[in-house]
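Reading through the structure tokens given below for one structure.
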Amino acid sequence: MSEADCVTCGDSVALPEDAEVGEIVDCGSCGTELEVVGVDPAELAEAPDLAEDWGE
Amino acid sequence: MSEADCVTCGDSVALPEDAEVGEIVDCGSCGTELEVVGVDPAELAEAPDLAEDWGE
Amino acid sequence: MTLTASVVGASGFAGGELLRLLSAHPEFEVVQATSREYENRTVGHVHPNLRELDLRFSDPEGLESVDALFAATPHGVSMANVESYLGAAERLIDLSADFRLGTEAAYDEWYDGHTAPEYLDGATYALPELGREGLADADIVASGGCNATATMLALKPLVDADLLQPDDQVVADLKVGSSEGGAGGGAASSHPERSGVVRPYAPTGHRHEAEIEEQLGLSLSFTVHAVDMVRGAAATCHTFPTGPSVEGGVETADLWSAYRDAYEGEPFVRLVAGGGGVYRYPEPKSVAGTNLAEVGFAADGERVVAFAAIDNVMKGAAGQAVHAANLAFGLEETAGLTQTGFHPVGSP
Amino acid sequence: MTLTASVVGASGFAGGELLRLLSAHPEFEVVQATSREYENRTVGHVHPNLRELDLRFSDPEGLESVDALFAATPHGVSMANVESYLGAAERLIDLSADFRLGTEAAYDEWYDGHTAPEYLDGATYALPELGREGLADADIVASGGCNATATMLALKPLVDADLLQPDDQVVADLKVGSSEGGAGGGAASSHPERSGVVRPYAPTGHRHEAEIEEQLGLSLSFTVHAVDMVRGAAATCHTFPTGPSVEGGVETADLWSAYRDAYEGEPFVRLVAGGGGVYRYPEPKSVAGTNLAEVGFAADGERVVAFAAIDNVMKGAAGQAVHAANLAFGLEETAGLTQTGFHPVGSP
Amino acid sequence: MTLTASVVGASGFAGGELLRLLSAHPEFEVVQATSREYENRTVGHVHPNLRELDLRFSDPEGLESVDALFAATPHGVSMANVESYLGAAERLIDLSADFRLGTEAAYDEWYDGHTAPEYLDGATYALPELGREGLADADIVASGGCNATATMLALKPLVDADLLQPDDQVVADLKVGSSEGGAGGGAASSHPERSGVVRPYAPTGHRHEAEIEEQLGLSLSFTVHAVDMVRGAAATCHTFPTGPSVEGGVETADLWSAYRDAYEGEPFVRLVAGGGGVYRYPEPKSVAGTNLAEVGFAADGERVVAFAAIDNVMKGAAGQAVHAANLAFGLEETAGLTQTGFHPVGSP
Amino acid sequence: MTLTASVVGASGFAGGELLRLLSAHPEFEVVQATSREYENRTVGHVHPNLRELDLRFSDPEGLESVDALFAATPHGVSMANVESYLGAAERLIDLSADFRLGTEAAYDEWYDGHTAPEYLDGATYALPELGREGLADADIVASGGCNATATMLALKPLVDADLLQPDDQVVADLKVGSSEGGAGGGAASSHPERSGVVRPYAPTGHRHEAEIEEQLGLSLSFTVHAVDMVRGAAATCHTFPTGPSVEGGVETADLWSAYRDAYEGEPFVRLVAGGGGVYRYPEPKSVAGTNLAEVGFAADGERVVAFAAIDNVMKGAAGQAVHAANLAFGLEETAGLTQTGFHPVGSP
Ligand SMILES: NC(=O)c1ccc[n+]([C@@H]2O[C@H](COP(=O)([O-])OP(=O)(O)OC[C@H]3O[C@@H](n4cnc5c(N)ncnc54)[C@H](OP(=O)(O)O)[C@@H]3O)[C@@H](O)[C@H]2O)c1
Ligand SMILES: NC(=O)c1ccc[n+]([C@@H]2O[C@H](COP(=O)([O-])OP(=O)(O)OC[C@H]3O[C@@H](n4cnc5c(N)ncnc54)[C@H](OP(=O)(O)O)[C@@H]3O)[C@@H](O)[C@H]2O)c1
Ligand SMILES: NC(=O)c1ccc[n+]([C@@H]2O[C@H](COP(=O)([O-])OP(=O)(O)OC[C@H]3O[C@@H](n4cnc5c(N)ncnc54)[C@H](OP(=O)(O)O)[C@@H]3O)[C@@H](O)[C@H]2O)c1
Ligand SMILES: NC(=O)c1ccc[n+]([C@@H]2O[C@H](COP(=O)([O-])OP(=O)(O)OC[C@H]3O[C@@H](n4cnc5c(N)ncnc54)[C@H](OP(=O)(O)O)[C@@H]3O)[C@@H](O)[C@H]2O)c1
Ligand SMILES: [Zn+2]
Ligand SMILES: [Zn+2]
């Protein structure tokens, strides 16, 4: 299981073993939705924002 | 019918014809509760605050 | 004289309210109400309060020729269709943000640009309390944002009275109802998730800041919270005025003067600031269903707290639009807008 | 022609609603609004929706001479004061239960007797949908109970159509808002205790049964539940009709006929029974603030479920009273009662 | 001994409640929580109350081997997957309607048939208050419908006491919260439309009638109303008992006997019938968040009104399921279910 | 070891919550619950959630000897009775404001003075997140104000991290539920008046400012609004930090560091700041019924918005008191306070 740093809060995020590029996980600490942009080594980027839907 | 000035907002408040000292009226403009403290000439003072009851 | 009107986006919340107002308006007659999703359905299918109205939704593609076209569509639709709207109507009263800002640059900064910037110059901001001049005979009227409306009504007297300066600190903390999200609300708007909330949904960077800055010349910090009501927007503006009129502090009586000066004769502003009884400051529920704004204030040392409460669907949208339309067409200013609020009332 | 009116009990919920209606009524002018507790205060002190009204509460001991006296006082007050009320006014429109039942015996059975039984004969039950005849020129008009009103509006068509017989099983299950308790509500009405409830507060023996039996000739089982809204009363009447018109069962189409026959031309009844969209049956929030009753039904084998939803403060109290007063004084029946409801609306 | 558990449908309301219960349960350990939509997200992403839980949603296609599989999926999913569920787990505790009825014929009548009828015989209805025998070692446990649960808990004592007969008239009038609609609720569940309602949403023919008839041998008239709360189901059952124990009428004392006999020793039934204070009859808000059912009654001549109030997500779903699982695995019956309710509490 | 406890003021909201917590606490046993109004009634008469508790209210005049006396009485009662309370118990845990401020002078300024100032020195402010040292073996523990608690939890990390300076501008805008008013609420707390409000009830000069200034060394502008929920207090603190750590602006990552440093290892603080899904910032309903505080933040140029949400009756009153009592008696810090919140949940 590989790990990568959350781009928002810096906490480390454990990726699922079979993680593939394009998958979305959320940071277990700050909740930011992160896209897997690399797997070897693991790398994360902020996922396309869903905030638009969220607000009113 | 006599009039007197509201102590909060300065608007004039018409008193009931039979107004007596001690009666409570509210200012028609700002709503402050006013006690009649004089009738000839009419004079108003802020009524003992009920704010305590009002809040939580 | 009866003026004909179309409502585009009539199945939405603001559009439904326009139907409610215009169908009872002494001078307007609604001849068309559009909806793509509910075409051919009666308007009562969507708006149960309007079951008595003999009117069916029609396709927005087939616009009839009318005096006034009210557009209550999501951001982007009016700018895309402005030519066809102005082709079908003498005046466009737009409830979206599409014509609220004055310059293309502002749309680049705050939105994703503008597709019909050549029309921006001809558009007039609707809120009559900010000034009525431009409204007479305006071709395009841009009805203000609901949160911006509440905030500006709270603050304007402080600016007018030279209390608040452009660079003074202003924090606007808004509490708003679920109808602000429109009829198409997403997951966060479902009843189980939305009930009972105090939810900071726009903690920073709300787009309504843009129009406030343009209209009042103030820059402010803006935070919006969803609370458990359907209609209503309440602005609490914490200000720290340093203007020339602030000498030796600001007293309640000064504020009464400032607010009276600003709103004397305004038919839709009600000052509520202190006083007795249960309702001492502006509250949305006291004005629900009406075009009224309650405005109030409290002095607190260096701070002046300014309050305003409106019904976002009325004064914050359809009511403001009709108000401005009355002025644009030279009608009685309050025509069709004389509804009284309720007491008691829960959470309207 | 303007008629003068007094509202006794004007600081209460029903009294405040009378002020709202009468102050905007084309034919009535309110000259007096009484309150013992708030004497000399503006009516806006208590009713924030009426801040624009230039009227102060006065002492009920000093009644002026008027055309119409509306009494919105607790049970017992009108019967104690009926002589003085009728001395001061041409007609008394009473919103309490004091003149709703026809006989002293009924008051002995359901209430604690009556102190002015000699006036019972001269009183007319207000609900116009039950029959308008007696109302023209009535001296005493007794506005119906809110829960009784909803229940009777739901059931009457079944009786008229010879579906429901006097001895048929009828269960009326009511859901009502907190304004039914009046402005003086006790511990159970505090917000923390009353919020979110489904509270059976009158599981059996509700007094409104009495007027329903008198008016419709039905005896029924009545249970009232408090639910979380402020305005509104919704009756769900589970009936098991065995009348002559029930042959081979009752179909939805039969019910449409029965309800249309009963309410054809009624300005304040709206039939809602099935259909599409979100609002398919009567709902209080669709009629909040209006004098409308939504009435509906559903057939279910041997059972017919009849629904009605009203605003208890309007159709269930002040609206019904004004409606009846319009008829008593020979005015346009809908005068002052043409408010439209809202959409969206939370819990008004 | 720790038992492993999977929750399928863990992103839904019932599934989330299972996570809440099982993660604090002394004997169970959650090893898998499935969601197709939220795969890889933390469970706290969906259920903010469970942010501390170190668990991510996984794909329901990859089921791990566990002792107990809880399925909180929409109707139809469990019957389609029963083989794989039983392949992955010793016992299936199903919260849907898929195994609640005893026969394929019943599914043909009330639903759209059944795709795995061979499993119906092996399934046991979960509600322990109806009898615990079948539950020990049950392979498939079918957790009851929330409205059915409330209704049956109200009525069972009347049946047991020979008051209510199979053919007696029974009207069940339900008031329920918005969480009954599940997390995926549609247009009618949006906050602006769903707030403040008293909405008859299943006026007739609710499918829960089927399981009540099977379990209690009663046929009844069932009407469900949506009211403004999130959690909660309240049943008001108007009954007209004619059983052998009804002689000379039914008195309150008889009812106390009947209800005490039925529920003596039941850890999750609380009798509330009359008494003093504000809370005199069953109310959903008093049991919100707990596995308790409040049950009560009132005698009214020939009518007996029976009440029950539960939290639909707890006693009506996840709590009942865990209760039954405790029995199936031979654990302490109340393990993991000892939560206490709140006071004051709004509309939980 | 079991510790005995008395709850004085047990019929109130905070007192009832103490009963809920202490009766399920592994180390405390409630031996006395006082109420003057409900003497001899079961506690379930007032608190329906506690019907299973076999305990009756007793007269506060006859205090038993116990290890811990919890006082949940209105302001003024504890200072008047402190001697007798300390005579009857080893430790007094007081939930009122009577021992929260450090000096008699402060009581003169903010309250109406103090009648037992000699005890102020010996009292320790309860909120453990501000520092635990003084709490071990404290004789008098003063549980903090609910609004102050929320505000301080939001702000403390900014102070600790040298972002916020004593003279920096801080505006705290609070939204609170109706249970803050206590069980005895007046006219403004009745359900019809209190429903659906956004009501600025303490626009300026709230007494909780005093304890915040003492504890954090900040002076702030404080405005409290009543909103429609029963439990909950949410603080939105608009700050303009100028401390040494502010160089080149404050970024989100800086705030994460500051808040993690401040609350690392705190069992009752949950950081919620941005992230995905519906719940992105602190919300009272996510922590209702628990002792948790959700704390969050957002950077906005020169402004930092700090949020906190708590259940006023728990973290803001009874939960904080039990937490502090655990520390004072050397018990496991989280004993009796491990409740989990709910999802979905309405307005608890
Ligand atoms: N709600 C408020 O409080 C409020 C306040 C101030 C201003 N506003 C503004 O008013 C506008 C409407 O808001 P709302 O809350 O009423 O939204 P809404 O309830 O979502 O309604 C939007 C309406 O627009 C129609 N529509 C959407 N796309 C369209 C298109 N491409 N062409 C034609 N019609 C289209 C929709 O109907 P069909 O899809 O059926 O055609 C619907 O009737 C927005 O711009 C909003 O910012 C709203
Ligand atoms: N609320 C409803 O939904 C509803 C529906 C149908 C019918 N009603 C009936 O309408 C009547 C009023 O109900 P409500 O809900 O409006 O009650 P409410 O809010 O309690 O108001 C009662 C009013 O009566 C006044 N009053 C009380 N005793 C009086 C006396 N001896 N002499 C003169 N005035 C007196 C009170 O004012 P002061 O104490 O200040 O004088 C107050 O203004 C009741 O009979 C009720 O049954 C109410
Ligand atoms: N809510 C109540 O009060 C209540 C009471 C008693 C019984 N129940 C029953 O409990 C069940 C769940 O109800 P709910 O209210 O929790 O519904 P819900 O909130 O809509 O949740 C349904 C869950 O099922 C999952 N799901 C849907 N289709 C699936 C499939 N084909 N395979 C695997 N997972 C699937 C969904 O997640 P993904 O789509 O992300 O996989 C979601 O997690 C229903 O059968 C309902 O009748 C509910
Ligand atoms: N509610 C909150 O959110 C909250 C939060 C933080 C702190 N607090 C503080 O906690 C305290 C209680 O608040 P609350 O909301 O629970 O108030 P409440 O519901 O009004 O309860 C007050 C209790 O005190 C009792 N009481 C009153 N006067 C007394 C006296 N002279 N001697 C003995 N008992 C007396 C009352 O019962 P009897 O009259 O029957 O004796 C009642 O049980 C207050 O100091 C409040 O500031 C409350
Ligand atoms: Zn992170
Ligand atoms: Zn004044």
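List of remarks:
- A Förster radius of 30 Å combined with the Cβ-Cβ distance from D:E266 to C:R56 puts the calculated FRET efficiency at roughly 0.80.
- Remark: spin-label model distance B:V37-E:E90 equals 8.3 nm, labels positioned 7 Å along the Cα→Cβ axis.
- E/C buried area, accessible surface, summed, 1.4 Å probe, Å²: 1000 Å²
- Using C-alpha pairs under 8 Å with a sequence gap of at least 6, the mean separation divided by the residue count of region F:147-310 gives a relative contact order of 31 percent.
- Theoretical FRET efficiency, 1/(1+(r/R0)^6), r = Cβ-Cβ of F:E133 and C:A105, R0 56 Å, to 0.05: 0.50
- Surface accessible to a 1.4 Å probe, D:S245 within the full protein complex, Å²: 60 Å²
- Accessible surface, 1.4 Å probe, highest first, among residues D:T2, F:T73, E:T340, F:T223: D:T2, E:T340, F:T73, F:T223
- Coupling constants for region E:123-130 follow from the phi torsions by the Karplus curve (6.51 cos²θ - 1.76 cosθ + 1.60, θ = phi - 60°), and in residue order they are 9, 10, 5, 7, 4, x, 5, 8 Hz; glycine and proline get x.
- Only Lys, Arg (+1) and Asp, Glu (-1) charged, at Cβ; region F:147-310 dipole about Cα centre in debye: 840 debye
- Between the beta carbons of C:E39 and E:R36, assuming R0 = 35 Å, the FRET efficiency works out to 0.55 to the nearest 0.05.
- Heavy-atom accessible surface of C:M1, to the nearest 10 Å², is about 150 Å², with a 1.4 Å probe and all protein chains retained.
- Each copy carries F:D300; placing its label point 7 Å along the C-beta direction from Cα gives inter-copy distances of 1.6, 5.0, 5.3 nm, listed from smallest up.
- Reported to the nearest whole Å, the Cα centre-to-centre distance from region E:179-230 to region E:283-342 is 18.
- Sorted from nearest, the other copies put their F:E109 label points 4.2, 7.1, 7.7 nm away, the label point being 7 Å from Cα in the direction of Cβ.
- With every protein chain in place and a 1.4 angstrom probe, the accessible-area ranking of D:S11, D:S179, largest first, reads D:S11, D:S179.
- For E:G76, inter-copy separations between label points set 7 Å beyond Cα along the Cβ vector come to 3.2, 6.1, 6.6 nm, shortest first.
- Remark on region E:173-192: accessible area falls by at least 50 square angstrom from chain-alone to full-complex state for E:K175, E:H191, E:P192, probe 1.4 angstrom.
- For D:A183, the residues whose amide H sits under 5 Å from its own are D:F13, ignoring neighbours fewer than 5 places away on the same chain, with H placed 1.01 Å from N.
- All Cα-Cα separations within the protein assembly as shown were binned at 20 Å from zero, giving a P(r) of 9, 36, 40, 14, 0, each value a whole percent of the pairs.
- Among beta bridges identified by DSSP and lying wholly in region E:147-310, the antiparallel ones come to about 75 percent.
- If you take all other residues with their beta carbon under 13 Å from the beta carbon of E:P48, and give Lys and Arg +1 and Asp and Glu -1, the sum is +2.
- Normalised contact order of chain E, rounded percent, pairs of Cα under 8 Å and 6 or more residues apart: 17 percent
- GNM result for chain E, Cα springs below 10 Å: residue of E:G232, E:G182, E:G145 fluctuating most strongly: E:G182
- Cβ screening of the protein assembly as shown for cysteine pairs under 4.7 Å finds these without a partner: C:C146, C:C237, D:C146, D:C237, E:C146, E:C237, F:C146, F:C237.
- Which of F:V159, F:A288, F:A299, positive extreme of dipole for region F:147-310 (C-beta unit charges): F:A288
- For chain D, the Cβ-based charge dipole about the Cα centre amounts to some 1480 debye (Lys, Arg positive; Asp, Glu negative; other atoms uncharged).
- Applying Stokes-Einstein at 10 °C and 1.306 mPa s to the Kirkwood radius of region C:57-138, computed over alpha-carbon pairs, gives a translational diffusion coefficient of 118 µm² s⁻¹.
- Selection among F:P244, F:S179, F:V224 by position relative to the dipole of region F:147-310 gives F:S179 as farthest towards the positive end (Cβ unit charges, Cα centre).
- Accessible-area value, B:S29, 1.4 Å probe, nucleic acids and ligands omitted, Å²: 40 Å²
- Toward the positive end of the charge dipole of the protein assembly as shown, with +1 on the Cβ of Lys and Arg and -1 on the Cβ of Asp and Glu, the farthest Cα among C:L21, E:A105, A:A42 is that of E:A105.
- Among the residues of region C:198-223, those with an accessible-area drop of 50 Å² or more from chain alone to full protein complex, heavy atoms and 1.4 Å probe, are C:V198, C:R199, C:P200, C:Y201, C:P203, C:T204.
- Region C:135-167 versus region D:116-146: alpha-carbon centroid distance in Å: 53 Å
- Percent antiparallel among DSSP beta bridges (both partners in chain C, rounded to 5): 45 percent
- The protein assembly as shown - charge dipole about Cα centre, Lys and Arg +1 at Cβ, Asp and Glu -1, debye rounded to 20: 1700 debye
- At least 20 Å along the helix axis (C-alpha) and Kyte average at least -1.0, DSSP helices within chain C: C:146-160
- Measuring from each Cβ of chain F to the axis carrying F onto D, the nearest residue and its distance in whole Å come out as F:H191, 2.
- Stretching A:V21 away from A:E3 to a fully extended chain increases their span by 5.1 nm, per 0.36 nm per residue minus the current alpha-carbon distance.
- With both residues required to sit in the protein assembly as shown, DSSP beta bridges show an antiparallel share near 50%.
- Sum of -39500 (n - 2.57) over DSSP H runs of 4+, divided by residues of chain F (222 nm, nearest 500): -7000 deg cm²/dmol
The values are calculated or read from the model by the stated rules, or taken from the named source; none is laboratory data. Values in this document were obtained by computation on a predicted structure and should not be read as measured data. Backbone-built Cβ (ideal geometry, glycine too); neighbour counts: all protein chains shown. With ligands, DNA and RNA removed, areas are computed over all heavy atoms of the protein, side chains included. Shrake-Rupley method; radii C 1.70, N 1.55, O 1.52, S 1.80 Å.
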